[in-house]
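To keep things clear, I will list the structure first and then write my remarks on it.
The values are calculated or read from the model by the stated rules, or taken from the named source; none is laboratory data. Note that the structure is a prediction, hence the values are computed from the model and not measured. Cβ: placed from backbone, ideal geometry, glycine included. Neighbour counts: every protein chain shown. Heavy atoms of the whole protein, side chains included, go into the accessibility calculation; ligands, DNA and RNA do not. Shrake-Rupley method; radii C 1.70, N 1.55, O 1.52, S 1.80 Å.
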Amino acid sequence: MRFATRFAPSPTGYLHRGHAFSALTAFDAARAAGGRFVLRIEDIDATRARPEYEAAILDDLAWLGLAWETPVRRQSEHLADYHAAVDRLRERGLAYRCFRTRKELDIGRAPHEPAVPFTGAPLPAAEEAARLQRGEPFAWRLSLDAARTALGGFEGLAFVEEGAGPGGETGRIAARPELAGDIVLARKDVGVAYHLAVVLDDALQGITHVIRGQDLFEAAHIQRLLQALLGLPTPTYRHHRLLTGPDGRRYAKRDRAQTLRELRAAGVTPEQLRAEMGL
Ligand code: GLU
């Protein structure tokens, strides 16, 4: 299959240097391999995605010198396909309704502590029916127990890492989906979860190489499980180092990292950015 990779930003803010590094790394890899470069807009979270951010992303990427296949896939236009996949998992008994609120799940957790992976089980039928009757919101969660049974264990699940995880993990890696617990597949406010949409789209778009930052390395473990359950091919992964700023911390939207728009307005050129990033 012809080499194909992608850049898959969420339009929830303006791009910063970290995004530019990821996009350029993927783009350069596609060019070096004589392959395809795909841009995908991951806008399933309607509570956070905004059209003006999407427009700015396209503009910033073009300014960086990137070119991508058209039409660009916008995840919000394919929600029915993602829901159909959730239904397939449900029909096979691989998903269950979880009525716990985020607040309930966070009880006893100090703000600096990471969320504990949740594992649960379907409620007794009568209780579930009563809660549904009362209109209580719920999320569909993937049952690790049911998935383990369906696959006869997770031992055979592996993916190839050509870059490195945050702990230097590289080569053939045994997937450990249990680290994430029973992940949410769909929720009332965000109709479909990131992991499910990503594995479906990567397969649909013929992505052979997932090139993205190390901050998403853990996601590969979960995505590998979803690929196995949905009968999708597993791409090769190349997680790259995260760019850090002068303060030694990685660039992040929430820290109001300087955006590409600001850099551009200040007269910085794409060539200067590339040189600064060692690309
Ligand atoms: N949409 C994700 C993000 O902006 C990236 C998903 C991926 O590369 O798999 O963080």
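When Gln133, Gln205 are checked against the criterion of being open to solvent by 40 Å² or more (accessible area, probe 1.4 Å), farther than 19 Å from Leu94 by Cβ and not aromatic (Phe, Trp, Tyr), Gln133 stands alone in meeting it.
Criterion applied to Arg88, Arg36, Arg31, Arg17 was being in contact with a Lys or Arg (Cβ under 9 Å, 6 or more places away or on another chain), charged (D, E, K, R) and either in contact (Cβ under 8 Å) with a residue 24 or more places away in the chain or under 24 Å from Tyr237 (Cα atoms) (or both), and the one residue passing it is Arg36. Would a scan of the stretch 139-147 turn up a residue that is open to solvent by 30 Å² or more (accessible area, probe 1.4 Å) and either more than 30 Å from Arg241 (Cα to Cα) or more than 23 Å from the chain's Cα centre (by Cα) (or both)? Yes, the stretch 139-147 contains a residue that is open to solvent by 30 Å² or more (accessible area, probe 1.4 Å) and either more than 30 Å from Arg241 (Cα to Cα) or more than 23 Å from the chain's Cα centre (by Cα) (or both). The residues listed here are Arg172, Arg176; of these, the one that is touching a His at 6+ places or on another chain (Cβ under 6 Å) and at negative phi is Arg176.
Residues in the stretch 84-122 that are assigned to a helix (DSSP H, G or I), open to solvent by less than 70 Å² (accessible area, probe 1.4 Å), under 25 Å from Asp201 (Cβ atoms) and not small (Gly, Ala, Ser): Val86, Asp87, Leu89.
When the residues of the stretch 210-262 are filtered to those that are aromatic (Phe, Trp, Tyr) and not in a helix (DSSP H, G or I), the one that is least open to solvent (accessible area, probe 1.4 Å) is Tyr237. Just one of the listed residues (Thr12, Thr47, Thr5) is of a type in the set (S, T, N, Q) and crowded, with 22+ Cβ neighbours inside 10 Å, and it is Thr5. If the condition is being of a type in the set (Asp, Glu) and either farther than 22 Å from Arg176 by Cβ or at pLDDT 95 or above (or both), then the stretch 191-217 contributes Asp201, Asp202. Selection of the stretch 36-49 for residues being modelled with pLDDT of 95 or more, farther than 13 Å from His78 by Cα and basic (Lys, Arg) yields only Arg36. In the set Leu230, Leu273, only one residue is more than 12 Å from the ligand (Cβ to nearest atom), hydrophobic (A, V, I, L, M, F, W, C) and farther than 29 Å from Asp59 by Cβ; that residue is Leu230. Being of a type in the set (Val, Ile, Thr), under 23 Å from the mean Cα position of the chain (by Cα), within 30 Å of Leu179 (Cβ to Cβ) and within 16 Å of the ligand (Cβ to nearest atom): is that true of Thr101 here? Answer is no for this residue.
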